[in-house]
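The block underneath contains the structure these notes are about, expressed in structure tokens.
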Amino acid sequence: MKKLILSLAMFGMMLGAMAQQKSFDIDLWQNGLPNSNGIDKTQPYSDEARNFKPSIRVFLPEDSVKNGRAVLVIPGGGYRVLSIGQEGYEWAEHLTKRGYATIVLKYRMPMGVTDVPISDATEAMRLIRENAGKWGINPNMVGVLGSSAGGHLASTIATHNPEATRPNFQILFYPVISMDKSYTHMDSHNCIIGENASKELEDKYSNHLQVTAATPPAIILLSDDDFLVPPLNSAEYYRALKLAKVKSAIHVYPSGGHGWGCGKWFKYHNQMMQDLFDWLDSLK
């Protein structure tokens, strides 16, 4: 009898985990693309060819744990590729079990056309709020989580967008923030605004220069030994947020380099998760 009860309990837990991970996809631009990176309208969509079909994958939490909050997850990849695993879909497991609806964005690469990924992220925010009632989401508690170049895209919609499509909070992992050539991630710089971008354009998309009192609260998480995106990017954003009196936090882990996302192999994974959810719990 005890074995039977244990087996049934384990089966129930397995079903619960499976239910958490149920998902569905939505195309962003069902009535046609608003802009083009040069290949999205002329070639078949193909992840291998970096011609990503702009879409979102929606993961909804179980009713028993849902908290009415949602997170738009924007993977990194230097504006060249998408790290869709541990910086994308794998976040659904961690967020949904804590009650967060998780919406993972597959966005188009800019290929020098700045507005392309920004429009995809903006449309994703619009769709989340449009469907908030249907998905059990409070439209005033929709955040964004971005990693690396995805952190740049996340902080861009947080600092550039009007209120209707601006997130309510930001979670930024080792983000690209500045376009200043002395400490930006040059590949991201060249892909999003072009190798020969003007100083005016560099300043516009150096998001620490765009922070205002209306910028949503942010938590920034990174490693001190990041070899790809200089930690000064995160430091400048945190400084700008504090000067603007925006609720913010920064956690710098001693090691780990770049690109760890929600990977459990990251030495400080458990501490990072505790830091993240403690901060999220502090939001009103």
Would you confirm, using the coordinates I've provided, whether TYR238 is within 28 Å of ARG98 (Cα to Cα) and either crowded, with 20+ Cβ neighbours inside 10 Å or at pLDDT below 95 (or both)?
yes
Taking region 160-178 and keeping residues more than 15 Å from LEU232 (Cα to Cα), crowded, with 24+ Cβ neighbours inside 10 Å and touching a Ser or Thr at 6+ places or on another chain (Cβ under 8 Å) leaves GLN170
Would you say LYS264 is over 20 Å from SER83 (Cα atoms) and not in a strand (DSSP E or B)?
no
So which pairs qualify, if the first residue must be in region 104-119 and modelled with pLDDT of 95 or more, the second must be among the small types (Gly, Ala, Ser) and surrounded by 23 or more Cβ atoms within 10 Å (Cβ to Cβ), the Cβ gap must be under 6 Å, and the two must be at least 6 apart or on different chains?
VAL104/GLY88; LEU105/ALA124
Can you find a residue in region 188-196 that is at positive phi and either surrounded by 24 or more Cβ atoms within 10 Å (Cβ to Cβ) or not aromatic (Phe, Trp, Tyr) (or both)?
yes
I'd like to verify a number: residues in region 254-284 that are touching a helix residue (DSSP H, G or I) at 6+ places or on another chain (Cβ under 8 Å) and either of a type in the set (S, T, N, Q) or surrounded by fewer than 17 Cβ atoms within 10 Å (Cβ to Cβ) (or both), how many?
2
Restricting to region 56-69, name every residue that is within 26 Å of GLY32 (Cα to Cα) and crowded, with 19+ Cβ neighbours inside 10 Å.
ILE56, VAL58, PHE59
Filter region 221-235 down to residues that are touching a Pro at 6+ places or on another chain (Cβ under 9 Å) and not aliphatic (A, V, I, L, M) and give me whichever is surrounded by the fewest Cβ atoms within 10 Å (Cβ to Cβ).
ASP224
Checking PRO110 against (1) closer than 30 Å to ALA197 by Cα; (2) part of a strand (DSSP E or B), the condition it does not meet
(2)
Close pairs (9 angstrom Cβ cut-off, 6 or more residues apart or separate chains): without any contact (Cβ under 8 Å) to a residue 40 or more places away in the chain and surrounded by 15 or more Cβ atoms within 10 Å (Cβ to Cβ) in region 198-209, of a type in the set (Lys, Arg) and in a helix (DSSP H, G or I) anywhere
HIS208/ARG239
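The values are calculated or read from the model by the stated rules, or taken from the named source; none is laboratory data. None of these values were measured; they are calculated from a predicted model. Here the Cβ is made from the backbone with ideal geometry for all residues, glycine too, and neighbour counts use every protein chain on show.
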